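The values are calculated or read from the model by the stated rules, or taken from the named source; none is laboratory data. Everything numeric in this text was worked out from a predicted model, so none of it was measured. All Cβ positions, even for glycine, are placed from backbone atoms using ideal geometry, and neighbour counts span all protein chains on display. Surface areas here come from the heavy atoms of the whole protein model, side chains and all, with no ligands, DNA or RNA. Shrake-Rupley method; radii C 1.70, N 1.55, O 1.52, S 1.80 Å.
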Amino acid sequence: MTERDDRVLTSEVVTGTTPRQLNAEGGHGAVPMEGVPAEQSPLRAAARDWPLWEVFVRAKRGLSHVHVGSLHAPDATMAVRNARDLYTRRQEGVSIWVMPAEHITASSPDEKDAFFDPAADKIYRHPTFYSVPDGVEHL
Amino acid sequence: MSPTAPAHVPESGATPARADVSRYALRLGDDALISAQRMGEWIAAAPQLEEDVALGNIALDLLGQARALLSYAGQLEEQGQDEDDLAYFRDERDFLNAQIFELGNGDFGFTMARLLVTATYQHALYDRLQRSADEPLAAIAGKAVKEVDYHRDHATQWTLRLGDGTDESHRRMQQGFDDLWPYVSELFESDDLATGLASRGVAVDPSSLEEQVLGYVDEVLAEATLARPETVLRHTGGRRGIHSEQFGYLLAEMQHLARSHPGARW
């Protein structure tokens, strides 16, 4: 190994009794796929254990909180702080809500037809469908 | 700094020498600048992407404070150096930050231990400096106090979680404070410059902050099941331009580009 080689991504694989060094410089074909642990290091795995939180930000007083994205955090307190750093850096908000993503129950894409299509031909549900009779005040 | 700076003899009621105020602003500015540089080293190296962003935000807050303070320090000086001259073209002995700010980041525990102490110190300092008789200093402090309040909170949250977390996180957090502690007392050292300006209501006497700052840190340590370290070792000298070995490496990295390509612009 030259000194420069030490700085490229290397993996050491044991084939038989002879250690063999390969690196990523030769493209994917040079990266050994067998004998390389596939799981994350314990440290990375622990970091990935942080739950996902959904973030809602209220842009200003009088408006409602709007979903702006999600993030990872170890608990709710840190989630609010991470949300402050990630989603309100440019004065986007005056209030933040976070909630565990796992607590959201969502409609299923499979149910789209039954859920949403029946509303498509019911224009009388829009107020503009109705004309206001002459002489009605305060409407 | 010029070695011929006037002696710091307090003259009650008189306007403080511009060079004195400049030197005081330089101390605070260097604290912020060197903190920013260290905090920025965590970007892309923090435990999580979210923490990268948090530490990057903190670094940028500190850099903003440094720019304001160094610019002001430069304006007060006869030579009229700007913020870039002061950040990039001074040598090690001309930097006046306390040594605690320049120490290598160590692990995340050490970085959070340091941030807890330095942000608590800066918060107490700026909180009182808002009422400085020197208007520019008061204005800079008024903006900075809200920023360092958040830095202090961030470090508090992590100290609580890591101190009162797993066996390993507790051990490393305690180790962080143990390694840090010999550098804490320098923050509260007074000298003629500081007491002279403080007597005119311009500066905050660092020694007057110790009880408040350590009181807050003690509360956090207790809740985090950590102990305040006992130490007889006290490093000092930063305010006079004496720095640790690690500081040279920091300056080399921070100043390299500006010195290799003077006047370079984006």
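Residues in segment B:213-245 that are surrounded by fewer than 16 Cβ atoms within 10 Å (Cβ to Cβ) and either assigned to a helix (DSSP H, G or I) or of a type in the set (D, E, K, R) (or both): B:Gly215, B:Asp218, B:Glu219, B:Ala222, B:Glu223, B:Arg228, B:Glu230, B:Arg234, B:Arg240, B:Glu245.
Considering segment B:114-160, the residues that are among the acidic types (Asp, Glu) and in a helix (DSSP H, G or I) include one that is surrounded by the most Cβ atoms within 10 Å (Cβ to Cβ), namely B:Glu147. Pairs linking a residue in segment B:40-64 that is open to solvent by less than 30 Å² (accessible area, probe 1.4 Å) to a residue that is charged (D, E, K, R), with Cβ atoms under 6 Å and 6 or more positions apart or on different chains, are B:Ala46/B:Asp52; B:Ala54/A:Asp85; B:Asn57/A:Asp85. Restricting segment B:89-106 to residues that are in a loop (DSSP other than H, G, I, E, B) and acidic (Asp, Glu), the residue that is nearest to B:Gly40 (Cα to Cα) is B:Glu102. Answer yes or no as to whether A:Pro133 is touching a residue at least 40 places away in the same chain (Cβ under 8 Å), open to solvent by less than 100 Å² (accessible area, probe 1.4 Å) and not aliphatic (A, V, I, L, M). Criteria not met by A:Pro133.
The test for being farther than 23 Å from B:Asp61 by Cβ and either within 14 Å of chain A (Cβ to nearest Cβ) or in contact with a Leu (Cβ under 6 Å, 6 or more places away or on another chain) (or both) does not hold for B:Gly196. Considering every residue within segment B:161-178, establish whether at least one is of a type in the set (Phe, Trp, Tyr) and either out of contact with any Phe, Trp or Tyr (no Cβ under 9 Å at 6 or more places or on another chain) or within 14 Å of chain A (Cβ to nearest Cβ) (or both). Among the residues of segment B:161-178, not one is of a type in the set (Phe, Trp, Tyr) and either out of contact with any Phe, Trp or Tyr (no Cβ under 9 Å at 6 or more places or on another chain) or within 14 Å of chain A (Cβ to nearest Cβ) (or both), which makes the answer no. Only one of the numbered conditions (1) more than 21 Å from B:Val148 (Cβ to Cβ); (2) outside any loop (DSSP other than H, G, I, E, B); (3) of a type in the set (A, V, I, L, M, F, W, C) is violated by B:Ala54, and that is (1).
Looking at segment B:164-188 only, could you name the residues that are open to solvent by 20 Å² or more (accessible area, probe 1.4 Å), in contact (Cβ under 8 Å) with a residue 60 or more places away in the chain and not in a helix (DSSP H, G or I)? Selection gives B:Asp164 alone.
Within segment A:76-87, the residues that satisfy the criterion of being out of contact with any helix residue (DSSP H, G or I) (no Cβ under 7 Å at 6 or more places or on another chain) and open to solvent by 30 Å² or more (accessible area, probe 1.4 Å) are A:Ala76, A:Val80, A:Arg84, A:Tyr87. Hey, can you tell me all the residues within segment A:107-130 that are among the β-branched types (Val, Ile, Thr) and either out of contact with any helix residue (DSSP H, G or I) (no Cβ under 6 Å at 6 or more places or on another chain) or surrounded by 10 or more Cβ atoms within 10 Å (Cβ to Cβ) (or both)? Within segment A:107-130, just A:Thr128 meets the criteria. Would you please name the residue that is nearest to the other protein chains (Cβ to nearest Cβ), looking only at residues in segment A:41-76 that are part of a helix (DSSP H, G or I) and at pLDDT below 95? The residue in question is A:Ala47.
Within segment B:75-104, restricting attention to residues that are among the polar types (S, T, N, Q) and open to solvent by 20 Å² or more (accessible area, probe 1.4 Å), the residue that is farthest from B:His261 (Cα to Cα) is B:Gln75.
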